[in-house]
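Right, one structure below, let's go through it.
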Amino acid sequence: KPGWRTKPDAITYLLVIQALGKERTLNASEMALEVLHRLQRKFKETGDAAFRPNKIHYNAVINGFANSRLRAGESNAEHAEAVLKEMLELYENNQYWFKPDRISYSSTITGYANEGRPLDAERVLGMMIEEYKNGDARCKPDTIAYTSVINSWAQSGEQGAAQRATEYLHQMEKLSSEHGEDVKPSKITYGCVINAWANSGEKGSGEKAEAILNRMEQLYEAGDRAVRPDVSACRVNQLLVPTYSFTLKILIVCINFLNFPTPIGNSI
């Protein structure tokens with residue numbers, strides 16, 4: 001057929017959607033959604049399987065919205081969740097290939113985390129857990145989903161946010177010991193909890209943050225290389241805690257794990 005070599009297909013549309021998502025602007029994400037809807041119309045009009053979209057297209061759009069820079073008066077996360085709900089509607093209309101998966105939910109949670117909206121992040125995590133309990137293994141919550149919820153609390157500035165983040169960390173540790181490493185806390189997870197305490201301004205926050213750091217050190221020394229404390233967990237300039245001993249400990253941990261010479265008198 002004439003022009004068959006240049007015929008676009010679902011993969012072509014996906015590449016455009018992904019490129020727009022990487023711009024991290026709300027306008028570009030809205031354009032990505034329009035490209036997706038254009039692909040859907042093309043499939044309906046032609047019935048050509050080459051134009052059939054799937055959940056990968058939707059996940060790319062959700063990810064674009066979730067990570068876009070904020071625009072005044074707009075919520076990127078709400079746009080992301082609207083796309084998630086569109087997937088659910090398609091699935092409920094017997095288009096099973098659109099059923100949301102772990103990426104769909106985790107990306108939406110990330111959107112709310114980026115906006116410091118922990119209750120909405122928790123709500124979407126609850127949706128994800130419900131799907132998993134109903135038998136969909138593809139929706140099993142993982143480290144990314146839980147860490148995003150923890151980060152949403154850390155960024156929220158709400159009263160009790162640090163304690164809530166710590167509770168989620170303990171829940172992850174318990175789940176990972178019982179059900180495997182899919183939900184095992186990472187050093188980013190621990191860093192988010194440290195950041196939550198650092199930003200809380202609550203009495204005793206320095207000691208609570210230090211306890212998390214101590215936990216990371218213990219795990220690392222026990223052989224868990226994935227939680228090795230590094231500069232991301234030792235951001236002294238962001239740990240606004242009026243505790244001299246903790247600040248000094250942070251500096252020494254950073255020096256030790258960056259393999260710099262250890263200063264004399266490092267016992268705290």
So if I take the centroid of the Cα atoms in the range 23-95 and the same for the range 149-192, what is the distance between those two points in Å?
29 Å
Does a label point 7 Å from the Cα of N93, set along Cα-to-beta-carbon, have any residues of the range 40-73 with amide nitrogen under 16 Å, and which are they?
40-47, 52-55, 58
Hey, rough spin-label estimate for Y132 and K85, points 7 angstrom out along Cα→Cβ, what's it come to in nanometres?
2.4 nm
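Accessible area per residue for the range 1-101 in Å², computed with a 1.4 Å probe and the full protein assembly in place, what is it? Before the final figure, lay out each step's value.
Numbers: 5860 Å² over 101 residues.
Accessible area per residue, the range 1-101: 58 Å².
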Label point 7 Å beyond Cα of R225 along Cβ direction - residues of the range 176-202 with amide nitrogen under 16 Å:
187
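For A49 and Q18, what is the calculated FRET efficiency with R₀ set at 22 Å and r taken between the beta-carbons, to the nearest 0.05? Working shown, then result.
On the way: r = 21 Å, r/R0 = 0.95.
That gives a FRET efficiency of 0.55.
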Mind scanning K85/K174; K85/K187; K85/K133; K99/K187; K85/K184 and naming the pairs with a C-alpha gap bigger than 26 Å?
K85/K174; K85/K187; K99/K187; K85/K184
The answer for T25, listing residues at least 5 apart or on another chain whose modeled amide H is closer than 5 Å to its amide H, is R69
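Of the accessible area of the range 1-112, with the probe set at 1.4 angstrom, what percent is carbon plus sulfur? Write down the numbers at each step before the final one.
Values: 3260 of 6090 Å².
Its accessible area is 53 percent carbon and sulfur atoms.
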Sort 198-210, 75-87 by the packing proxy (mean of other Cβ within 10 Å over each peptide's residues), most packed first.
75-87, 198-210
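The values are calculated or read from the model by the stated rules, or taken from the named source; none is laboratory data. If you're wondering where the values come from, they're calculated on a predicted model, not measured in any experiment. Note that each Cβ is placed from the backbone with ideal geometry, even for glycine, and that neighbours are counted across all protein chains shown. What goes into the accessible areas is simple: the full protein's heavy atoms, side chains included, and nothing from ligands, DNA or RNA. Shrake-Rupley method; radii C 1.70, N 1.55, O 1.52, S 1.80 Å.
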